[in-house]
Amino acid sequence: MRNTKNLLEESYVYWEEIQNGTFKFNRIDEEVAALRELKKEELIGLWKPVFEGNGV
């Protein structure tokens with residue numbers, strides 16, 4: 001799913017993981033997979049309090 005424009009941009013993705021000490025080089029793919037599993041109702045449940053001004 002990673003759509004980096006060039007090698008320099010892709011290296012930034014990897015170096016950010018190295019600098020943070022997380023070394024999760026497939027983070028973007030995992031986050032996309034998790035978002036695809038998210039249901040509309042779950043998203044509404046997370047964001048509704050924010051939009052209604054109640055905070056979370």
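Throughout, read-outs are computed from the coordinates displayed, never taken from laboratory work. Computed from a predicted structure; not experimentally measured. With ideal geometry, Cβ positions are generated from the backbone for all residues, glycine too; neighbour counts draw on all protein chains shown.
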Residues (among the hydrophobic types (A, V, I, L, M, F, W, C), assigned to a helix (DSSP H, G or I) and surrounded by 10 or more Cβ atoms within 10 Å (Cβ to Cβ)) located in segment 8-56: VAL13, TRP15, ILE18, ILE28, VAL32, ALA33, LEU43, ILE44, LEU46, TRP47, VAL50
Number of positions in segment 16-56 that are among the hydrophobic types (A, V, I, L, M, F, W, C) and closer than 23 Å to THR4 by Cα: 8
So VAL50, is it in contact (Cβ under 8 Å) with a residue 24 or more places away in the chain and hydrophobic (A, V, I, L, M, F, W, C): no
